[in-house]
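What follows draws every value from the coordinates through simple rules; no lab data is involved. Computed from a predicted model, the values in this text were never measured in an experiment. Note: ideal-geometry Cβ built from the backbone for every residue, glycine included; neighbour counts use all protein chains shown.
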Amino acid sequence: MAENIINVQNISKEYRLGVINHGMLYKDIQSWIAKKLGKHDPHLSIDSYNKEVDTEGRFFALRDVSFTVKEGDRIGIIGRNGAGKSTLLKILSRVTAPTEGMITIKGKVSSLLEVGTGFHPELTGRENVFLNGSILGMRKNEIKKKFDEIVEFAECGKFIDTPVKRYSSGMYVRLAFAVAAHLDPDILIIDEVLAVGDISFQKKCLGKMSEVSKEGRTILFVSHNLPSIVNLCNKGLVLDKGSVSYSGDAASAVNNYTKSTKDSEERAINNGKASVKGKVKFISARMINSKRETITSSSIHNPFAIEMKFIIGDNITGLQIPNYHFKTIDGIYAFTVGMPNMKPLKPGIYNSICKIPGNFFNDGLYNVGLAVTEYRKSSMKIHFFEENYLTITIIDSVIDNPLRYNYGGPIPGVLRPLLEWDIIKQD
């Protein structure tokens, strides 16, 4: 049984806004006057206004966070901007210390928190490789054995003896990631820096992280690319306003985060149902079993359904309901399902249930998008399209699946899943 390699106990991180000056006297005076008048500090970043700041200019980036990570786990950390993800990684990387709580870490930690973390701009790429290896506690001979592999992965062999201050951001992050991933760390911590690279480099990095995880090393990965989280990680941690709102398997964490985001947006936009009139609004969607219980995965042999809930404000004809888009985790369309409903639909809340029979999918991960489209004589209107709203998991492989379709476009009518309507009266 794998032992706990990271143990986080009730950590909190408090910051005090305005304690460090702005570098110019007149800005400090403006901030002081604004504080005395009870107004917002004009020199704080916009993101700071989203924090819960008290009258003394203090806010908690993290509050009472606890979790454990076992050896070999691949943890995906997700949450909105300002949720505390980067602060958590900085604490785990020992860049900063928690205000409260305790962290226990066993093993060497290699982290890549932002472009050029741990690099000295005046040193060459070669010198920075050896510097980072020394910081990780590796001997010179150990680094030499990995050096050629690092340079080949980073694709910067021509510039390895050039000071890194002259590197582009892409070259910088390629070399930084190569060093972090190849120097045999026990724990690899990666923030959203992979967004700097191009698509081929991102795929290369994800492949390397998958290879590292198969060697039994531990990965903590922060990204807004939810399919990558599901594809790479086996567990997920959702942060909301500095606290852990959900912890579980990666697919469930992504669904929890997506649902909470959509629910909060729906409350903010609609304020209940007040602004629905004249429109069609998406509410939520979920994967359910035959007992109408919410699930995130299903055996390839078992039927399941995707339930979509939405609101109609006026009498509308020509709606294509439902409109489901199933994609593989790599973004390739598996199939779409859409069936026109030409009957007038009165205002109210609707449930659309798309039933999927057993032995229909290959095993794997799929993203589900949902839409409602209105067809007119010579035009089409998309009322909403929630792309990649759900991530579902189909487990247990089948060698021969005659009902499987791997092309885009609608399914032939004879194989189209049955569609059912449940109408719920609006409160």
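Between Lys140 and Ile283, what FRET efficiency comes out of the Förster formula 1/(1 + (r/R0)^6) with R0 = 60 Å and r the beta carbon distance, rounded to 0.05? Here the calculated transfer efficiency is 0.50. In sequence order, the range 302-308 has phi-based couplings of 8, x, 8, 9, 10, 9, 10 Hz under the Karplus curve 6.51 cos²θ - 1.76 cosθ + 1.60, θ = phi - 60°, and Gly or Pro positions carry x. Couplings 3J(HN,Hα) for the range 62-78, derived from phi with the Karplus relation 6.51 cos²θ - 1.76 cosθ + 1.60 (θ = phi - 60°), are 9, 9, 6, 8, 9, 5, 10, 10, 8, 4, x, 5, 10, 9, x, 10, 10 Hz, where x marks Gly and Pro. Residues whose amide H lies under 5 Å from that of Lys70, counting only those 5 or more places away or on a different chain, are Ile5; hydrogens are built 1.01 Å from N in the peptide plane. With R₀ set to 60 Å, the beta-carbon distance separating Phe385 from Glu122 gives a calculated FRET efficiency near 0.75.
For the pairs Lys145/Lys204; Lys281/Lys355; Lys90/Lys158, flag any whose C-alpha to C-alpha distance is greater than 26 Å. The pairs that break the limit, which is 26 Å between Cα atoms, are Lys90/Lys158.
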